[in-house]
Ligand code: FAM
């Protein structure tokens, strides 16, 4: 059975569970909402459902029940490589089943048929001023392709709720398969003297991306690792939630992903990774252009905090321990770039920052998040244009959010519509008016 057939079987099995919960247990309470949560970004309010990933505050992310090390170990990998096929991971996120090598390779071949980027998308990118942020280019390229949407066509020709997921699935595969070329085209056009590299259809998602970026192995494995690590972080984060919200209006995958990417482009979300690397280099430069002593670094971190700034790459809205996505990248660095000076600074920050943040006493989570490490690896392999880092995050994030909106359509989730209240109402609820 191919991916779509396996998915159909899973969807048929899952639908009665949602129907039963809605019909018989719809009034069961999951929690209550405080004034603090209503004002404070709905933090921890349980009002979203996804089975693609779950973020435990202590354990970190699990994809379809597997931890990051388990995913890296169990999923099929290209011959001689350390990290799994992105295509096999897509299979896994959609179905919850670890694919066999044959199943993963079937998706690799399927993606090759879908990968060609229409010329008009290239024309759109070329028409934009070269100093446009690469995230703007990525988002524009995605929404420009909306005319290709099979879901939009399906809707226009007579919508059927039971089969709507099929065209959402087709759009999601089409879109995902094209993202490596779009991202690499933006990179080569913008930063490498307008020298795009043609796609090599003999390669998988990660391999072809590295090839089109013009960065030799093991960057293909870095790309696979990076895309898997950034794919999903349950549904409440800005990029995932935005994609889901827009799709809930029956907007297609192109509209929805483009919107999600716009959220990812914010400095408190995906853009943080470019900021973290800038800060680490600043630490390095200000402390003499060499790996500092622990004492000097401690003083620098205290000065940062005392001047009212945050320690970039540390803290998280949900997590309460070291982000396993950080650990995974740290292990990569320990294996492949242990002598790199920037990595040594990053490792030393990890040694001293948590204690300092605990003593400082503000941050609920003194441990590093995914962004504390990722720029260092990209920098090491010659990808030094910080602005582009969020695009890499965006290609990875697309895997998770597209799997989610395919399932949203399969389970017939309705248009999202939380309720707002006025400040007067909050004051009345608080008993002060
Ligand atoms: N350094 C210093 N102070 C920090 C801190 C840090 N790394 N993280 C949090 N705090 C402070 C925070 O500013 C707040 O202070 P005020 O009460 O004065 O406003 C207090 O601790 C409580 O914040 P929190 O509840 O622990 O964190 P939030 O859930 O509000 O915010 C983050 C979460 C990630 C925005 C925050 O920890 C932060 O600004 N970290 C540094 C920037 C960063 O690494 N961003 C990457 C986010 C990443 F996960 C992603 O989405 N890509």
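Each reported figure results from applying straightforward, stated rules to the coordinates on display, with no laboratory input. Bear in mind the structure is a predicted one, so any value in this text is a computation, not a measurement. Here Cβ is always computed from backbone atoms with ideal geometry, including for glycine, and neighbour counts include all displayed protein chains.
A few remarks follow.
- Based on C-alpha pairs under 8 angstrom that are at least 6 apart in sequence, the stretch 273-380 has a relative contact order of 43 percent.
- Packing-based order for 213-225, 79-91, 59-71, 277-289, using average beta carbon neighbours within 10 Å, highest first: 79-91, 213-225, 59-71, 277-289
- Inter-site label distance for residue 352 and residue 420 at 7 Å from Cα along Cβ, in nm: 4.6 nm
- Gyration tensor verdict on the stretch 273-380 (Cα atoms; rounded if a/c is under 1.5, prolate if a/b is larger than b/c, oblate otherwise): oblate
- Gaussian network model of the chain, springs between alpha carbon atoms under 10 Å - residue of 310, 376, 107 with greatest fluctuation: 310
- Seen through its C-alpha gyration tensor, with square-root eigenvalues sorted a ≥ b ≥ c, the stretch 65-107 comes out oblate because a/c lies at 1.5 or above while a/b is not bigger than b/c.
- For the pair the stretch 74-147 / the stretch 269-300, the C-alpha centres are spaced 33 Å from each other.
- For the chain, adding -39500 (n - 2.57) for each run of n ≥ 4 DSSP H residues and dividing by the number of residues yields -19000 deg cm²/dmol at 222 nm.
- Going from the residue with the fewest nearby Cβ atoms within 10 Å to the one with the most, 181, 427 rank 427, 181.
- Each part reduced to its alpha carbon centroid, the stretch 335-380 and the stretch 23-37 end up 38 Å apart.
- Likely footprinting exposure, 426, 392, 250, fewest C-beta neighbours within 10 Å first: 426, 250, 392
- Relative contact order for the stretch 112-255, counting Cα pairs under 8 Å that sit 6 or more residues apart, in percent: 27 percent
- Cα→Cβ-extended label distance, 7 Å offset, between residue 81 and residue 336, nm: 1.1 nm
- The mean sequence separation of alpha-carbon pairs under 8 Å and at least six residues apart, normalised by the residue count of the chain, gives a relative contact order of 21 percent.
- Convex hull per residue volume in Å³, alpha carbons only, for the chain: 166 Å³
- Förster radius 45 Å - calculated FRET efficiency between residue 42 and residue 109, Cβ distance, rounded to 0.05: 0.60
- Mean Cβ neighbour count within 10 Å, used as a protection proxy, ranking 170-177, 354-361 highest first: 170-177, 354-361
- Förster radius 41 Å - calculated FRET efficiency between residue 133 and residue 19, Cβ distance, rounded to 0.05: 0.40
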